[in-house]
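Below: one structure, written as structure tokens.
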Amino acid sequence: MDKNSLSQIRKELEGCVGKRILLKANKGRKKTFVKEGIVENAYPSIFTVSFENEYNSSRTASYSYTDVLTRTVEVKIMSDSLTI
């Protein structure tokens, strides 16, 4: 997702509600968080992502569109095609 304004980023993520994404977040001090999740909702200032873990419980995290703009958070939309 390579956008240069907050409104374009928000429109792109509003279209991805319910889709599976790969999220990479920089947590500082050379720590990164890479996880697959589903975009739950897109609000005016933030978007929420639901993550599943190995214990079949879900965790919801929120990120701002500014994080995507400054590349603190990178979002990649996963394709729904299955390979056989």
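The values are calculated or read from the model by the stated rules, or taken from the named source; none is laboratory data. Quick caveat: nothing in here was measured; it's all calculated off a predicted structure. Neighbour counts run over all protein chains shown; Cβ positions are idealised from the backbone, glycine included.
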So residue 33, is it surrounded by fewer than 13 Cβ atoms within 10 Å (Cβ to Cβ) and closer than 13 Å to residue 75 by Cβ: yes
Neighbours by Cβ (under 9 Å, 6+ apart or cross-chain): first from segment 38-61, of a type in the set (Asp, Glu); second surrounded by fewer than 12 Cβ atoms within 10 Å (Cβ to Cβ) and not in a strand (DSSP E or B): 40/18
Criterion: at pLDDT 95 or above, surrounded by 15 or more Cβ atoms within 10 Å (Cβ to Cβ) and among the β-branched types (Val, Ile, Thr) - qualifying residue of 48, 72: 48
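Condition test on residue 50, is it assigned to a strand (DSSP E or B) and small (Gly, Ala, Ser)?
yes
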